[in-house]
1. Tell me which of these residue 113 doesn't satisfy, since it passes every other one: (1) farther than 17 Å from residue 103 by Cα; (2) modelled with pLDDT under 95.
2. Please enumerate the residues belonging to the range 113-141 that are in a strand (DSSP E or B) and surrounded by fewer than 12 Cβ atoms within 10 Å (Cβ to Cβ).
3. Just checking, how many residues over the range 86-98 are in contact (Cβ under 8 Å) with a residue 60 or more places away in the chain and surrounded by fewer than 16 Cβ atoms within 10 Å (Cβ to Cβ)?
4. Go through the range 55-84 and give me each residue that's in a loop (DSSP other than H, G, I, E, B), at pLDDT 85 or above and surrounded by 10 or more Cβ atoms within 10 Å (Cβ to Cβ).
5. Tell me, yes or no, whether the range 138-155 has at least one residue that is more than 20 Å from residue 44 (Cβ to Cβ) and at pLDDT below 95.
6. Before we move on, is residue 17 free of Cβ contacts under 8 Å to residues at least 24 places away in the same chain and in contact with a helix residue (DSSP H, G or I) (Cβ under 6 Å, 6 or more places away or on another chain)?
7. So residue 44 ticks every box in (1) assigned to a loop (DSSP other than H, G, I, E, B); (2) modelled with pLDDT under 90; (3) not assigned by TED's automatic domain parsing to the domain that holds residue 114 but one. Which box is left unticked?
8. Quick check on my filter: what residues within the range 156-178 are in a loop (DSSP other than H, G, I, E, B), farther than 17 Å from residue 110 by Cα and modelled with pLDDT of 95 or more?
């Protein structure tokens, strides 16, 4: 499913595997395995692919046949990779809006990415449970249950779960980029 959508988008953009590899710093062989659903990309790799193909990460995961403005708890689109300690659930009905909203869940010690990421737009995160360490540019903040932070996503940012329990937070991003 993910592989088909990656291939379809790559071909829509008139790009071959070698060009995608150059834009993502991933090998053509690995990208071919992803497209054939032989290998599963990490969150970091999928973000690189999404950026190169000018779409949000959830673009590859959404079932676009459902077009309701309501997102039921048991029908959320979920993003979780094998051997990953991070889970995301899309709270927005789709990515064809001006913003996206999702719930992130990180196990203790887990992080959203290895290196801080940047993208256009703005973000706001609200901690529902646990303890968040967030790095934004040169600044670092610790947030606990009930705390909220707003920032420009063009600054490099990264979230780490530093509590003894899972970190659960709601994030809203405009424009959709996840």
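The values are calculated or read from the model by the stated rules, or taken from the named source; none is laboratory data. A quick note: this is a predicted structure, and the numbers were derived from the prediction, not measured. Cβ sites come from the backbone with ideal geometry, for glycine too, and all protein chains shown count toward neighbours.
1. If we test residue 113 against (1) farther than 17 Å from residue 103 by Cα; (2) modelled with pLDDT under 95, just (1) comes out false.
2. Step one: of the range 113-141, the residues in a strand (DSSP E or B) are 117, 122-129, 131-136, 139-141.
Within the range 113-141, 139, 140 qualify.
3. Result for the range 86-98: 2.
4. Taking the range 55-84 first, the residues in a loop (DSSP other than H, G, I, E, B) are 55-56, 61-72, 76, 81-84.
Filter once more, so that each one left must be at pLDDT 85 or above: 55, 69-72, 76.
Result: 55, 71, 76.
5. Here is the first cut: in the range 138-155, the ones more than 20 Å from residue 44 (Cβ to Cβ) are 138-152.
From what's left, at pLDDT below 95: none.
No: zero hits.
6. Numbers: free of Cβ contacts under 8 Å to residues at least 24 places away in the same chain: yes; in contact with a helix residue (DSSP H, G or I) (Cβ under 6 Å, 6 or more places away or on another chain): yes.
Taking the combined requirement at face value, the residue satisfies it.
7. The failed condition is (1).
8. Taking the range 156-178 first, the residues in a loop (DSSP other than H, G, I, E, B) are 156, 162-166, 175-178.
In the following step, the residues that additionally are farther than 17 Å from residue 110 by Cα were identified as 156, 175-178.
Hit for the range 156-178 is 156, nothing else.
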